[in-house]
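Note sheet for the following structure.
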Amino acid sequence: MAFYHIRKSIRKLPGIVIKAVSIPDPEVTEGFGSRERAGEICEKEGLKSVLLVTDKTLHKLGFYEKVKASLDERGISCAVFSDISSEPTLDIIEAGRKAAVECGADCIVALGGGSVLDSSKIIAACAKHPIRSVKHYLHKFALVSGKTLPMISIPSTAGTGAEYTVGAVVKNARGVKNSTVVIGLNVIHVILDSELTVSAPQSVTVWCGIDALSHGLEGIVADVKSQDDDIIKSSECVKLVFENLTLLIDEPGNIEARQNMSRAAHYGGNAINKQLAGYVHAFAHSIGAMYHIPHGEAIARCMIPVMCAQKDVCAEKLAALSAYCGFADETDEPSAAADKFIARLAKLMKDCGVEGGFDNLDEGDRETLVRMIDNDSINYSPPKTFTDNEIVAILDRIGRGE
Ligand SMILES: [Fe+2]
């Protein structure tokens, strides 16, 4: 109970601290095949030598070739580093930094999912100061004097928003996943190219899309002081997912819907940077880590039970979002409008195939899970602080699939 009071008293702290972190404000280029504009963008920025970072699968698929050809065309030198794995380790980052130094990179172009994008942030941070070892950057905050190398991000999925979020998750020297806030992250441009997402398996499209929605939604209900512009971006993130995700289940090749989902994910990244995530993520991180399930699936299973449990304290914010999405009238009582939003959310989950209970949730795991959720939640400024009993009740609902 003592820890509950500590968590409650520091609940607003992360939302205050994040205001002091300089957040990247990249230009955005959108469109099917738009990664072929990387050369033009680099030339305009006066960049001469690029380290193109990607992973083995995307390298094998040849997705990097259009980027490299566009750089070659403009006479910009380009070395390719394709060794990023799904769970990048210190050694991989070190090799990436070495590749950047050896080719005299003045820019990192990152093409890939969350692992590639997060690894590239650390490479961009430490390539600028090659004397310090990479492990110096893997603390709670990666302090860079000045800014990191300029980075151009080309996400290959529409979900994480990792193309410009200041957080980076990579394994530290002990092989444990470590989340670092990269201070001075200098993402100058983001390219949202639906050609990279159009062939994704349906499960990836769905889990990534639900993850993107959760970023916008948790940003809106977070107890932080948000600028109007950030509220609009987060609301638009949620609306775009409602309008496009189920469309992609029926028509996976719908390019306009793909671009819209990439934009939704990008706005979701803004929410993570400026408004932070919340309990949906604290539950999903803990359940995902314990039972080894994809982040998006864990988010999908936790979203409704967590939102129902905190709905009353953020009913007005949910009501405004409900009206923005066209689910409620401005004249509705906040609580009724919030209920309408949650009902639509439940329908979206059902349409995406998220049904039934989560049988893995073992009674014996409850105590550990509660501790993990408590610990993770202190990174955010959620609308309320749950007691351990409330967390257990939410876990029960997740288990029953309610
Ligand atoms: Fe997420």
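Numbers below:
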read-out	value
Any hit, region 219-228, residues being assigned to a helix (DSSP H, G or I) and without any contact (Cβ under 8 Å) to a residue 24 or more places away in the chain	yes
Within region 1-93, helices (runs of 4 or more DSSP H) holding 2 or more residues that are aliphatic (A, V, I, L, M), within 24 Å of the chain's Cα centre (by Cα) and within 30 Å of residue 370 (Cα to Cα)	13-17
Subset of region 289-308 [free of Cβ contacts under 8 Å to residues at least 60 places away in the same chain and within 10 Å of the ligand (Cβ to nearest atom)]	298
Residue 326 being surrounded by fewer than 16 Cβ atoms within 10 Å (Cβ to Cβ) and not hydrophobic (A, V, I, L, M, F, W, C)	yes
Out of 347, 384, sole residue that is assigned to a helix (DSSP H, G or I), of a type outside the set (A, V, I, L, M) and either within 30 Å of residue 231 (Cβ to Cβ) or without any contact (Cβ under 8 Å) to a residue 12 or more places away in the chain (or both)	347
Residue among 317, 340, 311 that alone is surrounded by 13 or more Cβ atoms within 10 Å (Cβ to Cβ), at pLDDT 95 or above, over 29 Å from residue 203 (Cβ atoms) and of a type in the set (D, E, K, R)	317
Checking residue 235 against (1) within 16 Å of the ligand (Cβ to nearest atom); (2) in a helix (DSSP H, G or I); (3) in contact (Cβ under 8 Å) with a residue 40 or more places away in the chain, the condition it does not meet	(1)
Pair list, Cβ < 8 Å and 6+ apart or interchain, from region 11-27 residues that are more than 15 Å from residue 147 (Cα to Cα) to residues that are surrounded by fewer than 15 Cβ atoms within 10 Å (Cβ to Cβ)	15/225; 19/225
Cβ pairs under 8 Å, 6+ apart, first in region 350-367 and crowded, with 16+ Cβ neighbours inside 10 Å, second among the basic types (Lys, Arg)	354/301; 358/301
Test: residue in region 257-276 that is away from the ligand (no atom under 16 Å from the Cβ) and either hydrophobic (A, V, I, L, M, F, W, C) or within 19 Å of residue 298 (Cα to Cα) (or both)	yes
Complete set of residues in region 286-308 that are surrounded by fewer than 23 Cβ atoms within 10 Å (Cβ to Cβ) and under 17 Å from residue 87 (Cβ atoms)	288, 289, 290, 291, 292, 293, 294, 295
Enumeration of residues in region 193-223 that are hydrophobic (A, V, I, L, M, F, W, C), touching a Phe, Trp or Tyr at 6+ places or on another chain (Cβ under 9 Å) and more than 16 Å from the ligand (Cβ to nearest atom)	196, 198
Output for region 316-337, where each listed residue is among the aliphatic types (A, V, I, L, M) and more than 14 Å from residue 238 (Cα to Cα)	328, 336, 337
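The values are calculated or read from the model by the stated rules, or taken from the named source; none is laboratory data. Predicted, not measured: the structure shown is a model, and the values here were computed from it. Please note: Cβ atoms are built from the backbone with ideal geometry, for glycine as well, and neighbour counts cover all protein chains shown.
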